[in-house]
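The values are calculated or read from the model by the stated rules, or taken from the named source; none is laboratory data. From a predicted model like this one, the values you see are computed outputs, not experimental measurements. Don't worry about glycine lacking a Cβ; one is built from the backbone with ideal geometry, like all the others, and counts go over all protein chains shown.
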Amino acid sequence: MSSSEPTIADLMSQCTRSAVHLEMRDQYGVAAEAEDFQAWLETGQLDVDPASPDWAPWVALVSQARARGITVRRARIVSEPVSDYIRYEHASTNVNLQAGEDVRWLPRRRASDIALPGNDFWLFDDTVIRWGYFSGNGAMIGHEISDEPSAAKLCSEAFNTVWSRATPHVQYDIH
């Protein structure tokens, strides 16, 4: 888990077909989001401007990948009723859509019979995995790159099964 490992931006730039992201936690404690999340809890206000300093780098990265013909999909497995954090994510997901991502939501009860990896991941071109490791309270503690074929197969099959069962963002009601 060294800092010399490729970033998501590096992996996205090397991608030729697809980039998929599976999120399986109900709470993330990402330090960069802490103030924004707290402000949203208190006021209901959220930065959803794709050109804002917080969003612009991600929007540019995804937009550039999409312009190269890369499919970018994100699936989220969530417990229901959803946590405040998931409501926060849901409220900002339109920016992901505007960037060119396709996002779907799957209630955890519908994922019981899916063989899932133990960690969130990005999978690029069905071959390169970027595992995301989080502490119990959701803080990012690291990541690891793998191209191990059986792990990539597990991630691909898990993501595709989740995707086939999940509800598109515009149709998923969190209430």
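What the table below lists for this structure:
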{"quantity": "Any chance Asp147 is among the charged types (D, E, K, R), surrounded by 15 or more Cβ atoms within 10 Å (Cβ to Cβ) and either in contact (Cβ under 8 Å) with a residue 12 or more places away in the chain or closer than 26 Å to Arg66 by Cα (or both)", "calculated": "no"}
{"quantity": "Count - residues of the range 34-57 that are surrounded by 13 or more Cβ atoms within 10 Å (Cβ to Cβ), part of a helix (DSSP H, G or I) and in contact (Cβ under 8 Å) with a residue 12 or more places away in the chain", "calculated": "3"}
{"quantity": "Residues that are more than 16 Å from the chain's Cα centre (by Cα) and either surrounded by fewer than 13 Cβ atoms within 10 Å (Cβ to Cβ) or not in a helix (DSSP H, G or I) (or both), drawn from the range 154-171", "calculated": "Ser164, Val170, Gln171"}
{"quantity": "Count of residues meeting criterion [touching a residue at least 12 places away in the same chain (Cβ under 8 Å) and assigned to a helix (DSSP H, G or I)] in the range 65-79", "calculated": "2"}
{"quantity": "From the options Glu23, Glu89, Glu33, residue that is under 25 Å from Lys153 (Cα atoms) and either within 15 Å of the chain's Cα centre (by Cα) or modelled with pLDDT under 95 (or both)", "calculated": "Glu23"}
{"quantity": "Subset of the range 106-132 that is part of a strand (DSSP E or B) and in contact (Cβ under 8 Å) with a residue 60 or more places away in the chain - its residue that is nearest to Phe37 (Cα to Cα)", "calculated": "Asp120"}
{"quantity": "Residues of the range 133-153 that turn out to be assigned to a loop (DSSP other than H, G, I, E, B) and at positive phi, as a count", "calculated": "1"}
{"quantity": "Lone qualifier among Ser13, Ser4, Ser52, Ser79 - being modelled with pLDDT of 95 or more, of a type outside the set (Lys, Arg) and more than 27 Å from Gln171 (Cβ to Cβ)", "calculated": "Ser13"}
{"quantity": "Residue ID - farthest from Pro81 (Cα to Cα), chosen from residues in the range 147-175 that are β-branched (Val, Ile, Thr) and modelled with pLDDT of 95 or more", "calculated": "Thr161"}
